[in-house]
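Okay, so here's the structure we're looking at.
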Amino acid sequence: MTVARDSIVTIHYTLRDDAGTIIDSSTSGEPLAYLHGRGNLVPGLERELAGKNAGDKLSVKLAAADGYGEYDKQLVQQVALRSLRAVSDLKVGMRLQAQTQHGPRTVTVTRIAGDMVTLDGNHPLAGKNLDFEIEITAVRAATQEELSHGHVHGAGGHHH
């Protein structure tokens, strides 16, 4: 079966940055299973996997725009430390859920200076080129339940 919209694709992957440093990899654990064509992977990677088959291996280099997007300075803001008093033991590097005018967004605490905290709403990989090594281990049709829920069930998916 070929990778196409609404197929369940199982892959092993290694993701590196431009310097060749490994950012993430599935090779020492379970492969990743996802529902293809529903935005479950970054857009450029889904586009490159379309039409491939189980057993295929490929290298995919994505510019930031096809990965997690360009870095957006408007997603960085400073807030008063007192507005985060409900967060215990606030530290640089912490990821928090924030309510924004566009709905909930994960933000990272990037700086604490005096009574001001800098929050960054960009994905940690925004603005970075992505270099994937992929091996497609399986491709199958999605079940009706998987299609209605929009994600994989069972091994590699959400409902184990």
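The values are calculated or read from the model by the stated rules, or taken from the named source; none is laboratory data. A quick note: this is a predicted structure, and the numbers were derived from the prediction, not measured. Don't worry about glycine lacking a Cβ; one is built from the backbone with ideal geometry, like all the others, and counts go over all protein chains shown.
Condition check: surrounded by 15 or more Cβ atoms within 10 Å (Cβ to Cβ) and in contact with a helix residue (DSSP H, G or I) (Cβ under 6 Å, 6 or more places away or on another chain). Does G44 satisfy that?
Considered against the rule, which asks whether it is surrounded by 15 or more Cβ atoms within 10 Å (Cβ to Cβ) and in contact with a helix residue (DSSP H, G or I) (Cβ under 6 Å, 6 or more places away or on another chain), G44 comes out as yes.
Given (1) assigned to a strand (DSSP E or B); (2) free of Cβ contacts under 8 Å to residues at least 12 places away in the same chain, where does S148 come up short, assuming only one miss?
All conditions pass for S148, except number (1).
Only one of K91, K57 is at pLDDT 95 or above and surrounded by 10 or more Cβ atoms within 10 Å (Cβ to Cβ). Can you tell me which?
It is K57.
Is it the case that some residue within the stretch 18-29 is under 14 Å from E135 (Cα atoms) and either in contact (Cβ under 8 Å) with a residue 24 or more places away in the chain or crowded, with 19+ Cβ neighbours inside 10 Å (or both)?
no
Which residues, taken from the stretch 37-68, are among the aliphatic types (A, V, I, L, M), more than 25 Å from L147 (Cβ to Cβ) and in contact (Cβ under 8 Å) with a residue 40 or more places away in the chain? If you could, list the steps in order and put the result at the bottom.
Here is the first cut: in the stretch 37-68, the residues among the aliphatic types (A, V, I, L, M) are 41-42, 45, 49-50, 54, 58, 60, 62-65.
Going one step further and asking which of them are more than 25 Å from L147 (Cβ to Cβ), we end up with 58, 60, 62-65.
Of everything in the stretch 37-68, those that are among the aliphatic types (A, V, I, L, M), more than 25 Å from L147 (Cβ to Cβ) and in contact (Cβ under 8 Å) with a residue 40 or more places away in the chain turn out to be L58, V60, L62, A63, A64.
Which of (1) closer than 27 Å to P43 by Cα; (2) touching a Lys or Arg at 6+ places or on another chain (Cβ under 7 Å); (3) not charged (D, E, K, R) is the odd one out, the single condition G127 does not satisfy?
Going through (1) closer than 27 Å to P43 by Cα; (2) touching a Lys or Arg at 6+ places or on another chain (Cβ under 7 Å); (3) not charged (D, E, K, R) one by one, G127 breaks only (2).
Is there any pair with a first residue in the stretch 95-123 that is without any contact (Cβ under 8 Å) to a residue 24 or more places away in the chain and a second that is in a strand (DSSP E or B) and among the acidic types (D, E) whose Cβ atoms are under 6 Å apart and which are 6 or more apart or on different chains, and what are they?
Short answer, once both residue conditions are applied: T108/D120.
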